[in-house]
Amino acid sequence: MYRILIADDDRDLLDTLRDAFIAFGYQVTTAENGQQAWDFFRTEPYDIVLLDVEMPFLNGMEAAKRMKQRRPEVPVILMTAYSHLYHPEDVLSLDIEAFLRKPLNIQELLEVVEKIAGQQSNDHTLPFA
């Protein structure tokens, strides 16, 4: 079973994402902040990670950077309502698989994750949705 780690400080969105991914057959771990996500990532294996950018204790950009340094093969998707605050070159430097704007379309998010999960190569096309 495909293991996914989802981190977002918006509890309602976190619950919605958890329920959606469970319904599609994923094993889901949730974190309410970046530090908690980093702690889980260091101790458990995950196949994909979804991170909100603006979170307390450790923001999603820093968490993504640490995760990619530790296990560069694990796909990371960043999500934010503040995409206008980030320069594309900063995002691209993280070697993440996608940078998604909120509010999220759950179906589109599921499609992005399914595409990444189905890729056999290390093709790093960066979808901006």
Pop out the ³J(HN,Hα) list for the stretch 52-67 in order, Karplus 6.51 cos²θ - 1.76 cosθ + 1.60 with θ = phi - 60°, rounded to Hz; leave Gly and Pro as x. 5, 6, 8, 9, x, 6, 7, 6, x, 5, 5, 4, 4, 4, 5, 5
Approximate spin-label separation Asp39-Thr16, in nm, with each point projected 7 Å along Cα-to-Cβ: 2.7
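When a/c is below 1.5 the answer is rounded, else prolate if a/b is larger than b/c, else oblate, so apply that to the stretch 1-60 with a ≥ b ≥ c taken from the square roots of the Cα gyration tensor eigenvalues. Present the calculation step by step, with values, prior to reporting the outcome.
On the way: a/c = 2.54, a/b = 1.26, b/c = 2.02.
In terms of gyration-tensor shape, oblate.
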Cα gyration tensor of the stretch 3-118, axes a ≥ b ≥ c as square roots of the eigenvalues: rounded (a/c below 1.5), prolate (a/b > b/c) or oblate? rounded
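Rule-based calculations on the coordinates, nothing more; no lab input. All figures in this text were calculated on a predicted structure; none of them were measured in a lab. Cβ: placed from backbone, ideal geometry, glycine included. Neighbour counts: every protein chain shown.
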